[in-house]
Amino acid sequence: MTRILVVEDNADNMKLFRWTLEDEGWEILESTSAEHALERLIDRAERVDAIVMDISLPGIDGKEATRRLRQRPEFAELPILAATAHAIKEEDLAIRAAGVTDIVTKPIDEDLFVATMRKLVDHTAETSHGARLSR
């Protein structure tokens, strides 16, 4: 089963992400902070197939969390979808420079969000086969 880690500190957004992704049949893991997400992925070696990363998190933000993951070889190809309310060009460039795979803006357009996630998850399945994080 496809496992997606959603890193989001807003309860309403988390519910929307959970319901939308569960409707696709995917297993959802939740983290309300980047610190917790990094602990789950790096320290506890939890397996995920993709991440939805809120960019505006307290403490370590989504850009920094993405940079830290990308520094590790086992996360170099992991799809990371950034979710942000800041739809300005300069912010978009900074988010992409952190190493995200793609970006969606808030408020979330559910159809676009699902289509983007399908593309990321399907691409991962097609290109990695046994190379997913299966630690």
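The values are calculated or read from the model by the stated rules, or taken from the named source; none is laboratory data. Every value quoted in this text rests on a predicted model; they were computed, and no experiment measured them. Don't worry about glycine lacking a Cβ; one is built from the backbone with ideal geometry, like all the others, and counts go over all protein chains shown.
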### Task
Name the single residue, out of those in region 1-49 being among the small types (Gly, Ala, Ser) and at negative phi, that is farthest from the chain's Cα centre (by Cα).
11
#### Entry: Candidates 110, 46, 77, filtered to the one that is more than 22 Å from residue 19 (Cβ to Cβ) and of a type outside the set (Lys, Arg)
77
### Message
Report every pair of residues separated by at least 6 positions or lying on different chains whose Cβ atoms are under 6 Å apart, first residue within region 49-63 and under 11 Å from residue 33 (Cβ atoms), second in a helix (DSSP H, G or I).
### Response
54/62; 57/34; 59/35; 60/34; 60/35
### Task
Could you tell me whether region 86-93 includes any residue that is modelled with pLDDT under 95 and either under 23 Å from residue 15 (Cβ atoms) or in contact with a Ser or Thr (Cβ under 6 Å, 6 or more places away or on another chain) (or both)?
yes
### Query
Mind checking which residues of region 24-48 are more than 20 Å from residue 102 (Cβ to Cβ) and touching a residue at least 40 places away in the same chain (Cβ under 8 Å)?
45, 46, 47
### Task
Look through 135, 68, 47 and report the one residue that is modelled with pLDDT under 95 and not small (Gly, Ala, Ser).
135
